[in-house]
1. Kindly indicate whether any position in region 315-322 is outside any loop (DSSP other than H, G, I, E, B) and either surrounded by fewer than 16 Cβ atoms within 10 Å (Cβ to Cβ) or in contact (Cβ under 8 Å) with a residue 60 or more places away in the chain (or both).
2. Collect the residues in region 100-115 that are within 12 Å of residue 82 (Cβ to Cβ) and either free of Cβ contacts under 8 Å to residues at least 24 places away in the same chain or within 22 Å of the chain's Cα centre (by Cα) (or both), keeping them in residue-number order.
3. If a residue must be at negative phi and in contact with a helix residue (DSSP H, G or I) (Cβ under 7 Å, 6 or more places away or on another chain), how many such residues does region 272-286 contain?
4. Out of (1) surrounded by 17 or more Cβ atoms within 10 Å (Cβ to Cβ); (2) touching a helix residue (DSSP H, G or I) at 6+ places or on another chain (Cβ under 7 Å), what's the single condition that is false for residue 60?
5. Could you list all residues from region 153-202 that are buried (at least 16 other Cβ atoms within 10 Å of the Cβ), in contact (Cβ under 8 Å) with a residue 40 or more places away in the chain and over 25 Å from residue 74 (Cα atoms)?
6. Inspect all residues belonging to region 249-265 and state whether any of them is over 20 Å from the mean Cα position of the chain (by Cα), touching a residue at least 40 places away in the same chain (Cβ under 8 Å) and part of a loop (DSSP other than H, G, I, E, B).
7. Can you spot a residue in region 273-290 that is part of a loop (DSSP other than H, G, I, E, B), touching a strand residue (DSSP E or B) at 6+ places or on another chain (Cβ under 7 Å) and outside the structural domain of residue 174 (by TED's automatic domain parsing)?
8. Just for region 235-270: of the residues that are under 25 Å from residue 16 (Cα atoms) and in contact with a strand residue (DSSP E or B) (Cβ under 9 Å, 6 or more places away or on another chain), which one is surrounded by the fewest Cβ atoms within 10 Å (Cβ to Cβ)?
């Protein structure tokens with residue numbers, strides 16, 4: 001079987017927490033060959049056996065064995081590095097937030113098309129367990145016609161906005177977290193008919209954006225995407241209402257929690273798995289009457305992003321994350337920040 005050969009630009013938390021642990025579970029189909037970093041001698045993260053670490057970017061860009069290069073630098077460098085990768089004629093994956101503006105995104109996708117290569121945003125959160133479980137419940141039909149869906153991404157971390165005394169759109173909470181949740185909505189429901197934005201600076205003008213509440217309308221259905229840094233108790237991850245029932249799940253996907261304590265997917269079949277206490281609750285009415293039941297959580301797996309990437313680059317399948325989806329999301333982020341108060 002032909003392996004997908006992968007290179008990275010960046011050797012920080014993103015590469016070592018959100019990418020490499022999942023690639024390493026797919027040793028039969030993919031391999032990390034080279035990681036570029038400006039200071040590869042730094043030892044913040046353990047070296048991956050068999051990987052070449054280099055400070056010579058050209059050696060990565062010009063390596064004929066590398067199929068795709070993943071940009072995981074701080075996001076202010078995403079556009080410049082992606083351009084270098086595309087100019088070198090390489091397929092490119094870029095971490096989120098993708099780039100600051102939709103104009104930059106369009107330029108990069110046009111360059112990729114011109115060079116005959118693939119450019120794609122890393123939207124691993126499409127494979128969050130809570131999001132996958134919501135899809136399963138919706139598709140069961142037990143909720144009936146959908147009326148409302150709320151998704152929350154809450155923290156109690158007041159020290160973050162309190163320690164920031166300037167505002168930059170690309171450093172906003174909307175960019176940093178809306179890039180996860182809005183993509184989930186776009187990936188499942190598509191482009192909304194209209195959007196209502198409520199993006200705030202709770203600590204006052206000139207401070208960090210620390211709250212957002214976006215309502216996306218799809219005919220009768222309203223999808224609300226809400227986040228705050230000032231929630232002592234988090235709201236449910238998802239609540240879905242239909243004409244016949246509702247589904248509520250408090251616990252978020254566990255993959256990030258396990259990764260933070262270095263409990264990695266390779267060799268741990270229980271990685272990211274919910275306990276029964278974390279299952280969501282489905283309540284619905286049908287011909288037999290009232291039902292209330294726990295719904296076992298669908299297994300989340302960020303490696304599925306790389307499975308799809310393999311199918312695209314090796315077998316010619318359509319891209320998982322389409323350019324128009326990425327551009328639409330950035331347009332939403334731009335509009336929300338411009339409408340901030």
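The values are calculated or read from the model by the stated rules, or taken from the named source; none is laboratory data. These figures come from a predicted structure and were not determined experimentally. Note: ideal-geometry Cβ built from the backbone for every residue, glycine included; neighbour counts use all protein chains shown.
1. yes
2. Let us first name the residues in region 100-115 that are within 12 Å of residue 82 (Cβ to Cβ), namely 104-105, 107-109, 111-112, 115.
Once the filter is applied, which keeps residues that are within 12 Å of residue 82 (Cβ to Cβ) and either free of Cβ contacts under 8 Å to residues at least 24 places away in the same chain or within 22 Å of the chain's Cα centre (by Cα) (or both), region 100-115 yields 104, 105, 107, 108, 109, 112.
3. 3
4. Result: residue 60 fails condition (2) only.
5. 195, 197
6. no
7. no
8. Among those that are under 25 Å from residue 16 (Cα atoms) and in contact with a strand residue (DSSP E or B) (Cβ under 9 Å, 6 or more places away or on another chain), it is 251.
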